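These notes concern the structure reproduced below.
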């Protein structure tokens, strides 16, 4: 095992000699896996920043559109009718430009992230989870779960169960029947969490809950309807997000915010309305 670590460290040394050493702190003579992991993360963060710098340069060559389509309600109007919001991504994504729909008031974007293919978006998450740590959301997820007013005989689904939370293990320890679904396998989901929707499509649930999920959905209406299709009649969903207001705008992975007055949650079988 240590010979493999030495080989990877030698490769890093060659990279450092090629001019990237200024991005790293001096490494010790005798490297450990912790040192190597830290060095790899620093290099990956630099790679993310360099990648997005080139993306923004190419975006600058695109002709500015004359009109814009709201990604939530479908309203289309002249670009000047949409209020513009600019901020900076703290995770290496450079400048983020979002727009506020004049019809439904939701703030959406960036258009660059919206246009990514599913494969490219998956790669964005893969790199992000390798380079950065997520905060522990155990308490918030459990609070969202109890927002369902769960019953002891019910079956429940945690949608978005990455390795940053111990909610599943804690709820199961308390005797609840809870499954987890994490669509991004790069999030290193907890043991027993499924990563493919077809593995749970044949099941029905008494409730679905999530924390910090809605703001990551590029097609929230479609995704929420898909979740609703997994619910038993009369069941509920409970989704916690800080982005009902325009907050946490400093990450390119948040696609929608400021929609508190537009979204209505529903019992299964009822339509959602904007």
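Table for the structure above
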item: Any chance residue 195 is surrounded by fewer than 20 Cβ atoms within 10 Å (Cβ to Cβ) and in contact with a strand residue (DSSP E or B) (Cβ under 8 Å, 6 or more places away or on another chain); result: yes
item: Strands (runs of 3 or more DSSP E) wholly inside the stretch 164-243 that include at least 2 residues being in contact (Cβ under 8 Å) with a residue 60 or more places away in the chain; result: 205-211, 231-240
item: Residue among 129, 125, 156 that alone is in a strand (DSSP E or B) and under 19 Å from residue 183 (Cβ atoms); result: 156
item: Yes/no for residue 242 being within 27 Å of residue 115 (Cβ to Cβ) and surrounded by 16 or more Cβ atoms within 10 Å (Cβ to Cβ); result: no
item: Meets criteria (touching a helix residue (DSSP H, G or I) at 6+ places or on another chain (Cβ under 9 Å) and at pLDDT 90 or above) for residue 15; result: no
item: Flag for residue 104 being in contact (Cβ under 8 Å) with a residue 40 or more places away in the chain and either under 22 Å from residue 164 (Cα atoms) or surrounded by 14 or more Cβ atoms within 10 Å (Cβ to Cβ) (or both); result: yes
item: Complete set of residues in the stretch 122-165 that are crowded, with 17+ Cβ neighbours inside 10 Å and within 30 Å of residue 59 (Cβ to Cβ); result: 124, 125, 127, 128, 129, 131, 160, 162
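Residue by residue, here is whether (1) outside the structural domain of residue 132 (by TED's automatic domain parsing); (2) within 18 Å of residue 97 (Cβ to Cβ); (3) part of a helix (DSSP H, G or I) holds:
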position	(1), (2), (3)
34	yes, no, yes
37	yes, no, yes
40	yes, no, yes
44	yes, no, yes
47	yes, no, yes
50	yes, no, yes
55	yes, yes, yes
65	yes, yes, no
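The values are calculated or read from the model by the stated rules, or taken from the named source; none is laboratory data. Remember, predicted model here, so these are calculated numbers, not experimental data. A quick note on method: Cβ atoms are made from the backbone with ideal geometry, for glycine too, and the neighbour counts reach across all protein chains shown.
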